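The values are calculated or read from the model by the stated rules, or taken from the named source; none is laboratory data. The model shown is predicted, which means the values in this text are computed figures rather than measured ones. With ideal geometry, Cβ positions are generated from the backbone for all residues, glycine too; neighbour counts draw on all protein chains shown. Accessible surface is based on the protein model in full, side chains and every heavy atom, while ligands, DNA and RNA are left aside. Shrake-Rupley method; radii C 1.70, N 1.55, O 1.52, S 1.80 Å.
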Amino acid sequence: MNPAPPVISSWAKVAAPYRSSDIRRQTGSIGASHVTKLQSLRGMVDLLPEQTTLWQVVEAVARAHFLRAAVHEIRTPLLEVTELFARGIGEATDVVGKEMYTFLDRGDRSCTLRPEGTASVVRAAIQHGLLTQGPHRFWYGGPMFRYERPQAGRQRQFHQIGLEFLGVPQARSDVEAIAIAWDLLEALGLQGLVLELNSLGTAEDRAHYRQQLVAYLEQHRQQLDADSQERLARNPLRILDSKHPDAQALLSDAPQLLSSLAPPSRERFEQVQAGLAALEIPFRFNPRLVRGLDYYCHTAFEITSSQLGAQATGCGGGRYDGLVEQLGGPATPCMGWAMGMERLVLLLSQADAVPTAESAPDLYLVNRGGGAEAAAVTLACRLRRDGLRVELDGSGAAFGKQFKRADRSGAPWAAVLGDGELEQERVLLKPLRGQPFEERLCALSDLQAIISLVRS
């Protein structure tokens, strides 16, 4: 199969799933003398235990904020029919045209690993008839997939946490959604937060503005970079967020979208700004801020952090009132945003104050000897049932090696159980972190005495 995803017009030409003969031809037989070293695909990154602690902190803080805001979790499949993203995201976007992981399954259906979360959430709401039951407040988290050049904080399999408000037309819902994102990033400890705000208006506003923008840029086509020239025909508003110096220089004198907004759109944007001001959330107007997907309208925003010396986007989103109808559902106003987990973790890991989680065990159980090892399993499980975090050493190594691992675990206490302790039906509790306690012997059956000592 080709590594690059097919453009939308070539779905039918995607290679069929591998046959077993294809796999044997590429990998060789099991008994071959030379076996290729297996590694993860480029842009697909393993998260090792020492890294997942920080991920768990971010996820836990996010869950707490969503719970307080009465936002409910929804989980959708990683794999969807390709048409969902073609219709929802837009065939003219780079995501659909260049970046999707698309293939034919064994039933010759064109399937795609989800490149973003919103379209799947909307599909689920339509499919299960949720939109007839009034407004809904959802959040989601999990992996997404896009074929692009991997870099720091951006991989081909990446992870997002997102929020979607379905069935909420008021400007105040935009304010609430932004406030939840702002409070979450502040709670994580990100510094130098800046909220950038723009209004994309209605489809009619953008159509009027598009004519003005294209007319202006056509006069300067030769000064545009190749990507901007390509976008000029199929998605000219995306030129507004181009990072190319020539495009940025041209845009300084280009017409602004704000001047094309109809009075109702202007009034709505003013209501959003007033709501943010009432919450004392600072923001700045950015006339070049657009969203990369076709379904956005009205409010568009990004929250960036400058704590590492350069602006890094922590969250982006906006309003998308036409997407539900575009996917076959009833006309439904919506608002949402997404945060990239890799980018958040990168920012937090390089910050001065990194949030921490209690990952160290309360007790490390050192054990050796046939009978002692079996009894250690029973003791560990019983202590865990009573709420203690217990790491059981299952190596059978010498006590010295086990104590080194106990020290590295970060546990404040070690419990020692050998055949000698087992004969006396006791366990030795040994402090590892300079606690003002001496070693203690506790009865194996007296779980409360062990728990009280460890928690004292």
Self-check item: Qualifying positions in region 150-183 - surrounded by 21 or more Cβ atoms within 10 Å (Cβ to Cβ), charged (D, E, K, R) and over 21 Å from residue 344 (Cβ atoms)
Solution: 174
Quiz item: If only one of 390, 454, 366 is of a type in the set (Val, Ile, Thr) and more than 27 Å from residue 54 (Cβ to Cβ), which one is it?
Solution: 366
Self-check item: Cβ pairs under 9 Å, 6+ apart, first in region 38-67 and under 22 Å from residue 337 (Cβ atoms), second among the β-branched types (Val, Ile, Thr) and surrounded by fewer than 11 Cβ atoms within 10 Å (Cβ to Cβ)
Solution: 54/356; 57/356
Exercise. Would you mind stating whether residue 343 is among the basic types (Lys, Arg), modelled with pLDDT under 95, in contact with a Gly (Cβ under 6 Å, 6 or more places away or on another chain) and more than 16 Å from residue 179 (Cα to Cα)?
Key: yes
Exercise. Only residues in region 147-162 that are modelled with pLDDT of 90 or more count as the first member; pair them with residues that are of a type in the set (Val, Ile, Thr) and open to solvent by 50 Å² or more (accessible area, probe 1.4 Å), Cβ under 8 angstrom, at least 6 apart or cross-chain, and list the lot.
Key: 155/45; 157/45
Quiz item: Looking at region 204-257, which of its residues are in contact with a Pro (Cβ under 6 Å, 6 or more places away or on another chain) and either in contact (Cβ under 8 Å) with a residue 60 or more places away in the chain or buried (at least 20 other Cβ atoms within 10 Å of the Cβ) (or both)?
Solution: 213
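Here are 121, 95: which of them is within 26 Å of residue 177 (Cβ to Cβ), touching a Lys or Arg at 6+ places or on another chain (Cβ under 8 Å) and not in a strand (DSSP E or B)?
That would be 95, the only listed residue that is within 26 Å of residue 177 (Cβ to Cβ), touching a Lys or Arg at 6+ places or on another chain (Cβ under 8 Å) and not in a strand (DSSP E or B).
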Quiz item: Where residues in region 276-302 are open to solvent by less than 20 Å² (accessible area, probe 1.4 Å) and outside any strand (DSSP E or B), which of them is nearest to residue 164 (Cα to Cα)?
Solution: 295
Practice problem: Filter region 102-125 down to residues that are closer than 28 Å to residue 315 by Cβ and surrounded by fewer than 21 Cβ atoms within 10 Å (Cβ to Cβ) and give me whichever is modelled with the lowest pLDDT. | Solution: 116
Exercise. Report, by residue number, each residue of region 368-402 that is of a type in the set (A, V, I, L, M), in a loop (DSSP other than H, G, I, E, B) and open to solvent by 40 Å² or more (accessible area, probe 1.4 Å).
Key: 398
